[in-house]
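Visitor: Before I ask anything, here is the structure I am working with.
Only the coordinates and a few stated rules stand behind these numbers; no lab work does. This one's a predicted model, so the numbers in the text were calculated from it and none came from an experiment. For neighbour counting, all protein chains shown are included, and Cβ atoms are generated from backbone atoms with ideal geometry for every residue, glycine included.
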Amino acid sequence: MNFLEERILKDGVVKPGNVLKVDSFLNHKMDVYLLDEIGREFKRRFAGEKITKVLTIESSGIAIALPVAREFGVPLVFAKKAKSINIDGEMYVAEVESFTHKKTNQVIVAKRFLTPEDRVLIIDDFLANGCALQGLISIVDAAEAEVVGCGIAIEKGFQDGGERIRNLGYHLESLAIVESMDAQTGHITFRSQN
């Protein structure tokens with residue numbers, strides 16, 4: 001069992017509807033030391049890749065991706081869920097359905113922040129149905145850049161997102177893969193990983 005699985009067992013809460021709450025340490029109140037450890041682990045798992053940018057989606061992905069970008073010594077770019085008056089110029093746009101929020105968002109990245117020369121590591125906090133990841137991949141593709149890998153803190157292995165991304169040929173690393181969870185008992189089972 002790794003450090004993140006241990007923390008999920010200690011402080012995670014299983015809710016009805018296949019919801020795993022990790023807001024006490026990962027995506028609302030954040031354990032900055034745990035985030036640094038996540039950054040180091042993704043650096044280890046993607047050490048052989050020449051990465052020029054880390055890409056994530058707002059807002060929960062930012063906290064996970066920041067220490068990863070710091071470990072690789074590269075900029076972090078995040079896809080915004082809303083266009084505001086301070087965003088100008090041409091944009092890459094993707095439609096992304098959120099499992100947690102049950103709604104579809106358009107996410108945008110300014111074209112000047114991703115170039116065909118970029119080798120991109122995509123990072124996010126959760127992977128359920130894979131829509132957010134596929135949206136970010138489509139943005140990298142539109143930029144004619146290269147996705148060198150996808151790093152996920154927590155994958156819901158009982159949903160098809162991880163399988164779908166792996167079947168597309170992407171190098172996907174998830175720090176914790178939840179095989180099953182029971183809202184009645186609070187029991188969580190993790191998939192064994194090498």
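Visitor: Would you look at the GNM of the chain, springs on alpha carbons closer than 10 Å, and say which of 117, 95, 71 moves the most?
Guide: Comparing 117, 95, 71 in the GNM, the peak value goes to 117.
Visitor: Find how much the distance from residue 168 to residue 24 grows on full extension, using 0.36 nm per residue of separation minus their present alpha carbon separation; answer in nm with one decimal.
Guide: My answer for the length gained is 48.5 nm.
Visitor: Now, a different point. About the Cα centre of the stretch 70-194, what is the dipole size in debye to 20, counting +1 per Lys and Arg Cβ and -1 per Asp and Glu Cβ, all else neutral?
Guide: 320
Visitor: How far is helix 131-142 tilted, in degrees, relative to the longest principal axis of the Cα atoms in the chain, given as a value from 0 to 90 rounded to the nearest 10?
Guide: 20
Visitor: With no solvent and one equal point scatterer placed on each C-alpha of the stretch 1-41, evaluate the Debye formula and give log10 I(q)/I(0) for q = 0.14, 0.33 Å⁻¹, two decimals.
Guide: -0.31, -1.17
Visitor: Something else: Take the Cβ-Cβ distance between residue 117 and residue 3 as r, set R0 to 45 Å, and report the resulting FRET efficiency rounded to the nearest 0.05.
Guide: 0.85
Visitor: Tally Lys/Arg at +1 and Asp/Glu at -1 over every other residue whose Cβ is under 13 Å from the Cβ of residue 3; what's the total?
Guide: -3
Visitor: Once you list every other residue whose beta carbon is under 15 Å from the beta carbon of residue 23, what net charge do they have if Lys and Arg are +1 and Asp and Glu are -1?
Guide: +2
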